[in-house]
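The next block holds one structure in the form of structure tokens; read it before the comments.
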Amino acid sequence: MVPSGDPPAAQRAARGDVVVLGGGLVGAACAWRLTQRGHRVALVDPDPGGGSSRAAAGMLAPVNELRTGEDDLLALCLLAAAGFADFAAAVTSTSGLPTGYRECGTLAVALDAGDRARLSQIRSAQQSLGLEVEGLTGRECRVLEPLLDPGVCGGSLIRHDHQVDPRELFSALWTAGQRAGVEHVPQLGEVLVQDGCATGVRLADGTVRRADLVVLATGAAAGQGRVRPVKGQILRLRMPKGEHVLQRTVRGLVRDREVYLVPRENGELVVGATSEDRGFDERVTAGAVYELLRDAQALVPAVTELELVETMARCRPGSPDNLPLIGFGEVEGLLLATGHHRNGVLLAAVTAEAVATLASGGTPSPEIAACSPKRFQKAAEGE
Ligand code: GLY
């Protein structure tokens, strides 16, 4: 999957100049892969890794993030999950840095009888799609995670929904990109379109970077009509050394509300997240912090003893059908890599691979072809 070594400068120039606008996980992964394929790449972002990638919990969760009727998204997420270990290993081998990738599985739990009924319905739907999900009693859940509240009355074990540390992954990916020759331009920028064709990026200082191809990876800030901001508020707590309250990711239904707790080996415990359709808003509210802690504590009472080290709000880039937008749209020379909504971390690698393939005129896999931004044009024409 990973080409070995980086191409010489002459080859890079021959393959064309690319500007990647947006330096979150998706943009950084695209920049790295494009450089590996021989392109000369500039990545434009005033604060790389500071957007939704910084807030993300890092759940690699094709099964747990599945919503009914999202077959194309499921296929894409399963493809991404199958290749994630190799991607993380390649990033580490190029950068020399860890990514926090952990194959620890996920336990979904229910707090009351209504939650248990809903979880059971969700499990039946997952199993009917051939996904590997095991039903557990409350007692069996507590054997796996002894600090769960005695009120937890049932669960589902999803052995293949793993996790990565998005902040470690970003640092490693950034280093890999820098080593491969990605140029960082620390400014805001906007796509320059002339005669219906993207010709480069106008930077905040007024200068223009010309490019043969522009990759738009600005997440919720993409402003591409179809992408909308979906606010997520999220907390980071610290578990004492040697006293981890959880061993694996726990997702809970708490009186019909959803909460997740993602423990890391370094002692961090991520608790998330709200999902709010209220436009671009990065304020942390007292109500959200209260509700997240209340629901986390209902599942794992020991949470209240932990140090609260960070609160954060960022916007996920939502799309109308929850599938990302990957590919060429209406503007020639503009490749979209956005709209990843709740799965940006998981999908960063497959997106980057697809962008590199499309940039060199190749044909992407069917899972990626389903993400073509042109699907919205076709839908509008059919109306
Ligand atoms: N994937 C978890 C979230 O978006 O909150």
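What to note about this one:
- Taking the centroid of alpha carbons for each part, segment 270-285 and segment 31-97 are 22 Å apart.
- Whole-Hz ³J(HN,Hα) from phi, Karplus 6.51 cos²θ - 1.76 cosθ + 1.60, for segment 35-48, glycine and proline x: 5, 4, 8, x, 7, 8, 10, 10, 10, 9, 6, x, 9, x
- For the pair residue 195 and residue 247, label points projected 7 Å from Cα toward Cβ lie 6.5 nm apart.
- Alpha-carbon centroids, segment 187-255 and segment 109-148: separation in whole Å: 32
- Within a Gaussian network of the chain (alpha carbon springs, distance under 10 Å), most fluctuating of 31, 61, 286: 286
- Between the helical axis of 286-299 and the longest alpha-carbon principal axis of the chain there is an angle of about 50 degrees.
- Added length on full extension, which subtracts the Cα-Cα distance from 0.36 nm per residue, residue 210 to residue 97: 37.4 nm
- Selection from 172, 366, 275, by position along the positive dipole direction of the chain (Cβ): 172
- Note that segment 157-164 has calculated 3J(HN,Hα) couplings of 9, 10, 5, 10, 8, 9, 8, 9 Hz, one per residue in order, obtained from phi through the Karplus relation 6.51 cos²θ - 1.76 cosθ + 1.60 (θ = phi - 60°); glycine and proline are x.
- Local electrostatic count at residue 342 - Lys and Arg +1, Asp and Glu -1, tallied over other residues with Cβ under 14 Å: -1
- Spin-label pair residue 332/residue 68, simplified geometry with 7 Å Cα→Cβ offset, distance in nm: 4.5
Read-outs: derived from the displayed coordinates by stated rules, not from any lab. Computed from a predicted structure; not experimentally measured. Reconstructed Cβ throughout: ideal geometry from the backbone, glycine too, with neighbour counts over all protein chains shown.
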